[in-house]
Each structure stands twice: as structure tokens, then as C-alpha cells.
1. Dipole size in debye (nearest 20) for chain B around its Cα centre, Lys and Arg Cβ +1, Asp and Glu Cβ -1?
2. So, by mean Cβ neighbours within 10 angstrom, what's the order for B:2-9, B:190-197 with the highest one leading?
3. To the nearest 100 Å², how much accessible surface do chains A and B cover up together, summed over both, with a 1.4 Å probe?
4. Enter the angle in degrees (range 0 to 90, nearest 10) between the Cα long axis of helix A:116-136 and the first principal axis of the Cα atoms of chain A, meaning the one along which they spread out most.
5. Given R₀ = 56 Å, what would the calculated FRET efficiency be for residue B:146 paired with residue A:111, taking r from the Cβ atoms and rounding to 0.05?
6. Which value does Rg/Rh take for region B:45-114 over its C-alpha atoms, Rh per Kirkwood?
7. Give the average, rounded to an integer, of partner chain Cβ atoms located within 10 angstrom of each Cβ in B:223-231.
8. Per residue, how large is the accessible surface of the protein assembly as shown? Use a 1.4 angstrom probe and give square angstrom.
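The values are calculated or read from the model by the stated rules, or taken from the named source; none is laboratory data. Remember, predicted model here, so these are calculated numbers, not experimental data. FYI the Cβ positions are ideal-geometry reconstructions off the backbone, even for glycines, and counts take in every protein chain you see. Remember, those area values only see protein heavy atoms, side chains included, never the ligands or the DNA or RNA. Shrake-Rupley method; radii C 1.70, N 1.55, O 1.52, S 1.80 Å.
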2 protein chains.
Amino acid sequence: MQKYFIPKESLMNKVIDNSDAFHIIKVMRFRIGDEILVSDNEKTYLSKITALENNKVSFEIVHEETGTNELPVFVTIFQGYPKGDKMEDIIKHSTELGASAFYGVMMKRSIVKIDEKKKDSKIERFNKICKEASEQSLRFRMSEFKDIIPLKNIDFEKYDKKIVCYEEFAKESELSNFKSIVSSLKPNDKVAVLIGPEGGIDDSEIEYLKKLGFTLCGLGPRILRTETASMYVLSTISYEMELK
Amino acid sequence: MQKYFIPKESLMNKVIDNSDAFHIIKVMRFRIGDEILVSDNEKTYLSKITALENNKVSFEIVHEETGTNELPVFVTIFQGYPKGDKMEDIIKHSTELGASAFYGVMMKRSIVKIDEKKKDSKIERFNKICKEASEQSLRFRMSEFKDIIPLKNIDFEKYDKKIVCYEEFAKESELSNFKSIVSSLKPNDKVAVLIGPEGGIDDSEIEYLKKLGFTLCGLGPRILRTETASMYVLSTISYEMELK
């Protein structure tokens with residue numbers, strides 16, 4: 001079943017007339033009578049297509065879908081800004097695995113510099129990936145890419161648990177820290193997960209994060225690439241909280 | 001620290017003269033006196049570079065590195081052959097996460113057809129990725145890409161546990177199956193993990209796998225892409241067995 005997150009007005013009017021209409025008509029080649037899931041990011045409805053015109057899809061609601069498949073905790077990934085198009089892969093896979101929100105974090109060892117003029121279009125592009133990945137994985141709610149921001153400007157106050165993934169010299173205690181935090185999570189906890197860029201996290205940043213109440217966590221005895229760390233964290237939270 | 005898996009003769013002669021020499025001299029720009037890790041895939045040695053010539057690196061051994069960071073179980077990923085270059089990403093990330101071996105599996109819904117003439121060069125390419133990812137993640141042993149092979153030709157006899165990742169209609173029992181298998185793993189178990197291609201697994205294949213003793217496992221309530229499934233499985237095995 002294909003899902004579309006659509007604007008509230010679209011849901012009110014039962015008409016999709018944005019780029020999703022193109023996807024429905026030209027990519028998926030749906031026909032009148034075919035069923036799709038539509039959501040205003042609050043409720044999801046099984047719907048039936050009633051008309052297809054030039055870039056305009058009308059539908060009627062069959063019934064509201066109940067139940068959720070959201071991770072029981074709200075995980076925000078604070079990703080040290082990586083090279084190339086790794087951020088896109090991180091957003092894609094972490095959204096499938098249940099992340100709520102993302103920040104791109106400019107850190108001492110981030111190699112990429114983000115041109116202020118290009119920042120908004122990057123954020124827009126990343127939110128498009130959030131939407132597509134949320135649709136593909138049939139998420140109940142969309143993940144959101146919030147901002148690209150220097151580490152020092154982030155307010156971590158509201159998070160219940162704060163984890164920094166610290167690969168170097170994963171010591172015995174750091175290998176136990178992660179499991180003890182994950183196994184202590186309670187539904188609706190807000191979890192901040194900070195992951196360094198390719199070059200890792202500078203000692204001064206580690207000290208700063210410790211002062212803010214972050215716990216240093218090793219993710220097993222092998223060295224993970226920056227783009228793999230969030231997947232490890234989210235998979236294990238799902239395993240701990242969602243599987244019986 | 002940079003690691004290189006080198007042929008046994010290289011280790012005997014204390015000379016690296018294959019493409020790794022290029023990497024050492026031109027990419028990493030190491031100098032005489034710099035330290036590297038070398039391994040013949042059995043033992044790992046901290047070594048010091050003693051000479052650098054045209055595409056030839058001499059070294060001396062400082063000491064043997066003891067201890068291992070291998071996952072306590074042998075996980076073989078049987079990956080339904082995916083589209084594009086997804087197989088490369090799967091090998092890369094799953095190697096970091098501790099997979100022992102890979103097969104590309106031709107299944108009913110595999111869209112890509114592998115030309116027999118190109119098969120060997122593909123396998124060679126995939127093993128190069130195994131080597132690089134094993135080096136990057138400082139694996140004690142290299143992962144290995146074994147073969148590209150139709151499902152019916154695989155002998156699953158030797159595996160202690162057999163998991164098939166089954167996303168569709170993740171039922172309550174399938175969400176409990178995975179956790180009960182992972183939490184029952186014992187060191188040195190051989191684990192077969194079968195993951196369908198993008199289009200999923202055909203009903204007849206599911207029946208066939210059940211007869212061979214595979215357990216159907218759901219990996220949480222969201223739909224994962226084929227390239228994300230192995231990361232979920234490996235991360236959670238690490239979490240269960242490696243973190244205290």
C-alpha cells in the first residue's frame with residue numbers, strides 16, 4: 001500500500017494537486033478505484049481514488065486507520081555534518097528505523113562548510129527525503145529535518161536522555177553505558193543522540209557534552225562509520241522496546 | 001590506526017607490493033617510522049614502516065595484537081539480489097557491524113539478472129569491498145562474499161539458526177520470534193539470515209524456507225528497505241551479545 005503525507009487542506013478537500021499527484025498518476029499509475037493511504041501527519045485514512053485529471057487526484061475516505069507504528073520514544077539524531085550525500089542516506093535509513101527528527105551539526109571536525117545562502121534549500125531537500133522515507137516505511141508520522149546548526153547553538157535542555165556515540169577506545173564502561181540507557185527508556189522519553197562527523201569528536205566537544213549531561217556510549221567493539229551509528233542506535237531501541 | 005589485510009607471503013617477507021602499497025604511499029602518505037596494523041586474516045600485528053619505494057612498502061613487526069573484536073557468532077547474510085549498487089552498501093555496512101559472509105541470492109522477485117560472464121568480476125569487486133570495510137572498521141577477520149546463487153542451490157544444512165526477515169503483515173508472533181532467537185544465541189553459533197529483494201519474498205519461497213527450518217521474523221512494526229534489514233539484525237545481535 002502506498003502512503004502519502006498531504007497538507008491538511010488536501011485532506012479537507014479530498015484533492016491532491018501537488019507533486020504527489022504526479023507520483024500517483026505517472027509513477028505509480030494508479031487508476032480510479034485503487035486504494036491509497038493518506039495522512040495529514042495526525043491521522044491516517046485508507047482512501048479510494050475517485051477521479052484522476054491532469055495533475056489532480058480526487059479521493060474518498062474508506063475508513064480511518066487505527067493503531068500506530070511509531071517508536072515508543074522520540075529520538076532526535078544530532079548528526080555531525082558528514083561529507084558527500086551521506087546525510088541523505090542517514091535520513092533515509094534512520095527514518096525507516098523510527099527517528100523523529102534530525103539536526104545537521106557543524107562540529108570542529110566537520111569538513112563540509114554550509115553556505116548560508118544554500119542552507120534553506122538543503123533543509124528543504126532533506127525534508128523531502130524525510131517525507132518520502134516516512135511514506136515508504138508507512139510511518140504513522142513524518143520525520144522532520146529541523147536545522148543545520150553549530151553544536152554550541154543547540155539547546156539540549158528538553159531531552160530526557162542524552163547519548164553521545166564515542167567510538168574511540170571503546171572501553172568496558174562505555175560498552176555498558178549504552179545498554180543501560182536503552183534498557184531504562186520509558187515510553188515518550190525524548191532522546192538526543194549525538195554522532196560525530198567522519199573525523200570524530202574533538203576532546204573539547206566531548207568535555208562540553210559531558211557538562212551538558214551527555215553519556216559517552218560505545219556501540220560495540222568495531223569502528224562504525226558515521227553513517228552507520230544512528231542505525232545501530234535506532235535498531236537496538238526498536239529491539240528493546242518494540243519486540244517482545 | 002590504518003589496517004591492511006595482506007597475503008601470507010607478504011607477512012612472511014615483511015613487504016607489501018600490491019595495491020595496498022599504493023594506498024600506503026599515495027593515499028595515506030605514510031612515512032618511514034609510521035605505524036600500521038597488518039594481518040594475514042589470522043593474526044594482527046602492529047608494524048612500523050621501514051622503507052618506501054615505488055609501490056613497495058617494507059615493514060617490521062612491533063608486536064602481535066591480542067584480543068578480538070569479532071561478533072561472537074558467525075552471521076552469513078543471504079541477500080536477495082537488489083537493484084543498483086545496494087549490494088555494495090549492504091556489504092560495507094554489514095561488514096562494519098560484524099557479518100562473516102555474504103551470498104547474493106537470486107530469488108523470484110529479484111529484478112536484476114546476473115550475466116554468468118560478469119559473475120566472477122562482480123564477486124571479485126564485492127570481496128574488495130569486504131576487505132576495505134574490514135580494514136576500516138578494524139575487524140579482526142575479513143568478511144567474505146561467497147557467491148551469487150539461486151535460492152534453491154544453497155545448502156543451509158550447516159547453520160545452527162536460520163532467520164528469514166519477513167516484513168509483510170508483521171504479526172505479533174513474528175515480532176517475538178526474532179527476539180527469542182537472538183536472545184538464545186550461543187557463542188560460535190552459525191546464523192543464516194535471509195533477506196528478500198525489493199519486491200519481497202514469494203509465498204512459495206516462504207514455504208520452501210519454512211521446510212528448511214527457517215523462522216519467520218519481523219523486524220519491528222515499520223517497513224524496512226531491503227538494504228536496512230541486515231543492519232537491524234546485526235546491530236541487535238551486537239547489542240544482545242557484546243554490550244554488557
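1. That gives a dipole near 220 debye.
2. B:190-197, B:2-9
3. 3700 Å²
4. 70 degrees
5. For R0 = 56 Å, the calculated efficiency reads 0.95.
6. Answer for region B:45-114: 1.21.
7. Averaged over the peptide's residues, the number is 5.
8. 46 Å²
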